[in-house]
Amino acid sequence: MKSLLRPLVDAGYSGVKMACADGFVRRVFPILAAYVADHPEQCLAACCQENRCPRCVVEVKKRGRPEFSTRRDPASALEAMKDAAVGDTEDFTHLGLRPNRPFWEDLPYCDIFSCFTPDLLHQLHKGVFKDHVVKWATKCLEGGADEIDRRFRAMPRGSKLRHFQKGISLISQWTGTEYKNMEKVFLGVLAGPAEPGLIRVVRATLDFIYYAHFESHTLDSLRKLDAAWVAFHQNLQYFVDKGVRKDRDNFNIPKLHSMQHYIESIISRGSADGFSTESPERLHIDFAKNAYRATNKRNYVKQMTKWLERQDACFRFSAYLQWTVEGYNSELEGSLEVKEDNEDGVVGDDEDGDEDVGEQAVFLGYSVAKLPAYRNVPITDLINNYGADDIITQLTTFLQNSPLTSRSARAPILTSTLSVYKCVTVRLPPAPQVTSSVTKDVVRARPFVAARGLVPAVAAQFDTVLARESAEEDGIEHPLDGEFAFVPPSISVADRSHAQSQVSKFVRSVSSSACLKTMAASPIQWRMSNGLLLFAIPYQSSACIKSRDLPAISADAPRSFP
C-alpha cells in the first residue's frame, strides 16, 4: 500500500497540474481523504488491535455503551509506536496499538483515523442486523428459529421483494440484497408474538439502518439518525432481561460501537451510501466465483489464474476491435448481455404482462393491462371471492362524486357485472433522500384458482394499499420525516358531536397506555368520511403499538388494529 500511494507524497506537497471539467488546467493537491474497508482492514491500517475502535480510544469494556471517547490522533499514535520500539509501552498499550509501520506516516495532511468511512454492508446489514439483532430476537421469540422460518414462509409475495420460501435458517451464503429484503419484512415477521420491548429495539435498529442509507442528509435527518441510535441503546436492556446477554456491559461488539461515528463521518465525508463496500464486493463474483466455476475443482488456483489471464486477453482484444472496426461496439455490447436468473425469488413487475404504456404510465402515474383478466364478473363473485363486502356502497359513492359520472352513471346492484384486472402498476414519485428515480410498485388482487389436472392451484393474493388522498393535507408529514399517521379501523358514528366524543375517549385511553406516548405539540387530525370516523395520532418514533394495548372505542369497533 505504501508503494501504491508513494506518488501522493510529492503531489500532496507540491501539487500536480490537472485538466478540470471546465477546460482549464489547475494545480491540484491530492490527499488521502477516505479509506473504505471493513473492520479488520480498518484496524490493520490504524495499527490497532481488532478488539479496539479504529477511530477513537474507547476502552474495550465500554464499547457497548453510548459514551463518547477521544478521537485517535496520528501524531500520538506514531509517537507511541516509536516509544514502544525503545521499551516504553505505556501509551502503546493504552491506545491498543500493535507494532507496524503504517503506510500513511509520510502522506501529507492525512488523518487516517478520520478517513475511515461507514461500512453499511459489514457493519449494519451483516453485523448489527443479521449477526446480532436477528440472532438475539430469534432466541427471545417463543418457538425460536422454527417459528421465524414459519413466519417468513407465510409472508405474502411482493413486487421486487425476496420471498424466503424455506425460511432463513437454512441459508448459508448471504448477499447484501438478501439482507435488505429481510430487513423490509422482519418487523412484520415479529409482529404478534413479540413483546413490545423486542419490537422497540428491532425498530430502532431498522430506523438507524434506513436513515444511514439516505443519499442526502439535512440536520433534521441527522437528528433522527441520532435519535434512532439513542433508542437502540435505551432498549438493549431487553436482551439482558431475557437472558440473551449477561449484562449491559456484555455488548462490547465493534460493529455496534461503530454506529456512534456515523453522524460525524457523514458530516465530514458525505452520505454513507457512497462509501459502502457493497460495490467492490461485486468483484468477488467476477474474479473469484466465476473463475472457480470454470475449473474442475482440483488444483483450482492455477486454473483460476489461467482463466483470468485469458479473460483479460479477450477483453484487451475486444477493446482493440472496438477501436479499429467500425460498428463493432454495438456487436460487443450485444454479446456481453447476460440473462440473470431468478434464484432469489424476486417477483418481477411484469410477470402479468402489465407493461407501462407510454403516456398512461407517465401522465396518470399508473398503468394497467390493455385487456382485463376477468370479464363480466358478477358483483356477487366480487363479494364472495374477492372479499369486497362494501363494493356496492363504495362504488356508488365514487360514481356519484366523480364529475365524469355523477349524472350518467347508474347505481350498481348485485346482478351487475364488472371487468376485473389482476394488477395495476403504480409509479411512486422519487424520494430525494433515498433515490432520484421513479419506483414502480405492483398492486395485485387475485382470487384463488383451483388445481386443474397437472396445473397446481394458485393461492389468492390481495395486496394492502396505504393511500394518501391529498398531498397537501395539513398535519400529515412526509413519510421519511419520522412521523407516522395511525388510522384505526372504521368506526360507525351517528353525528359529528358523537365523533368528537369518540376521538376524545380514544385519545384518553391511548395516552394512558404504557406503550404509546402522544405528542402534545402535535394536534390530533380527524375528519368524517362517508359516515366513518378517521383520525391520525402522531407519536414518538421510539414508541411501539400493539393490538392488545389499544382500547375498543365502541361496541362495533374491533379489538384488532392494523
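The values are calculated or read from the model by the stated rules, or taken from the named source; none is laboratory data. What you see is a predicted model, and the numbers here were worked out from it, not measured in a lab. All Cβ positions, even for glycine, are placed from backbone atoms using ideal geometry, and neighbour counts span all protein chains on display.
Some notes on this structure:
- Residue count, the stretch 133-189 (criterion: among the polar types (S, T, N, Q), within 17 Å of the chain's Cα centre (by Cα) and not in a loop (DSSP other than H, G, I, E, B)): 3
- Checked against (1) of a type in the set (F, W, Y); (2) farther than 25 Å from P66 by Cα; (3) free of Cβ contacts under 8 Å to residues at least 60 places away in the same chain, F164 meets all criteria but (3).
- The residues of the stretch 402-426 that are surrounded by 16 or more Cβ atoms within 10 Å (Cβ to Cβ) and assigned to a strand (DSSP E or B), listed by number, are L418, V420, C423, V424, T425, V426.
- Verdict on K302 being modelled with pLDDT of 85 or more, surrounded by 11 or more Cβ atoms within 10 Å (Cβ to Cβ) and farther than 25 Å from T175 by Cα: no
- Answer residue from the stretch 433-459, given it is touching a residue at least 24 places away in the same chain (Cβ under 8 Å) and either at positive phi or over 27 Å from the mean Cα position of the chain (by Cα) (or both) and is surrounded by the fewest Cβ atoms within 10 Å (Cβ to Cβ) among those: F448
- The stretch 440-466, residues that are hydrophobic (A, V, I, L, M, F, W, C) and not in a loop (DSSP other than H, G, I, E, B): V442, V443, A445, V449, V455, V458, F462
- Top-ranked residue of the stretch 387-414 - restricted to ones that are at pLDDT below 85 and of a type in the set (S, T, Y), ranked as nearest to H213 (Cα to Cα): S402
- Test: residue in the stretch 276-293 that is under 18 Å from the mean Cα position of the chain (by Cα), at pLDDT 90 or above and on the phi < 0 side of the Ramachandran plot: no
- Which numbered condition Q260 misses (of (1) surrounded by fewer than 20 Cβ atoms within 10 Å (Cβ to Cβ); (2) farther than 20 Å from F186 by Cβ): (1)
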